[in-house]
Amino acid sequence: MEDIKIIDESGDKKYFSLLPHYILNHSSAVDQALYWQMKRYAGESGVCFATQETLMKKLGGVRKILIKSIDYLLKKGWVEYVGMTEGKTRPIKTYKIKD
């Protein structure tokens, strides 16, 4: 069977993201915020290329909180580490948003 790939060019995802109720029911506000930001940056591709510095700013600037929250999302299986991606100045840890 042939795989079908659909690309949404409507632009709707520029303005909103959906957050699964399961994540709302089983995580802290910080974990929800990080998941939501990662999902927003991932867009259609489902792969988040945002730097830790960018994500840290979105969570209030505390690296320890960011690392703890990333570990939580990884352990829950809501995101998956897929490797390093070349950035403008250095490689970036890259994560895939899981369903």
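The values are calculated or read from the model by the stated rules, or taken from the named source; none is laboratory data. Here the structure is a predicted model, which means the values were calculated and not measured. When we count neighbours, we look across all protein chains shown, and the Cβ atoms used for this are built from the backbone with ideal geometry, even at glycine. The accessibility values were calculated without ligands, DNA or RNA, using every heavy atom of the protein model including side chains. Shrake-Rupley method; radii C 1.70, N 1.55, O 1.52, S 1.80 Å.
Checked against (1) more than 22 Å from residue 17 (Cβ to Cβ); (2) in a strand (DSSP E or B), residue 81 passes all but condition (1). Restricting attention to the range 69-78, the residues that are surrounded by 15 or more Cβ atoms within 10 Å (Cβ to Cβ) and either on the phi > 0 side of the Ramachandran plot or assigned to a helix (DSSP H, G or I) (or both) add up to 5.
Each row is one residue, and each column tells you yes or no for (1) out of contact with any Ser or Thr (no Cβ under 8 Å at 6 or more places or on another chain); (2) at pLDDT 85 or above; (3) not small (Gly, Ala, Ser).
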position	(1), (2), (3)
9	yes, no, yes
29	yes, yes, no
47	no, yes, yes
57	yes, yes, yes
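Scanning the range 84-99 turns up no residue that is open to solvent by less than 30 Å² (accessible area, probe 1.4 Å), touching a helix residue (DSSP H, G or I) at 6+ places or on another chain (Cβ under 8 Å) and either at positive phi or assigned to a helix (DSSP H, G or I) (or both). Just to be sure before I move on: is residue 66 open to solvent by 40 Å² or more (accessible area, probe 1.4 Å) and of a type outside the set (Gly, Ala, Ser) in the structure I sent? Criteria not met by residue 66.
Would you confirm whether any residue within the range 42-58 is among the aromatic types (Phe, Trp, Tyr) and either over 10 Å from the mean Cα position of the chain (by Cα) or assigned to a helix (DSSP H, G or I) (or both)? Please lay out each step first, then the result.
First, pick out the residues of the range 42-58 that are among the aromatic types (Phe, Trp, Tyr): 49.
Restricting the remaining residues to those that are either over 10 Å from the mean Cα position of the chain (by Cα) or assigned to a helix (DSSP H, G or I) (or both) gives none.
No, every residue in the range 42-58 fails to be among the aromatic types (Phe, Trp, Tyr) and either over 10 Å from the mean Cα position of the chain (by Cα) or assigned to a helix (DSSP H, G or I) (or both).
Within the range 20-52, the set of residues being out of contact with any strand residue (DSSP E or B) (no Cβ under 7 Å at 6 or more places or on another chain), open to solvent by 20 Å² or more (accessible area, probe 1.4 Å) and among the aliphatic types (A, V, I, L, M) comprises 24, 29, 30, 33.
Taken over the range 49-99, the criterion of being touching a residue at least 24 places away in the same chain (Cβ under 8 Å) and among the polar types (S, T, N, Q) is satisfied by 51, 52, 69, 85, 94.
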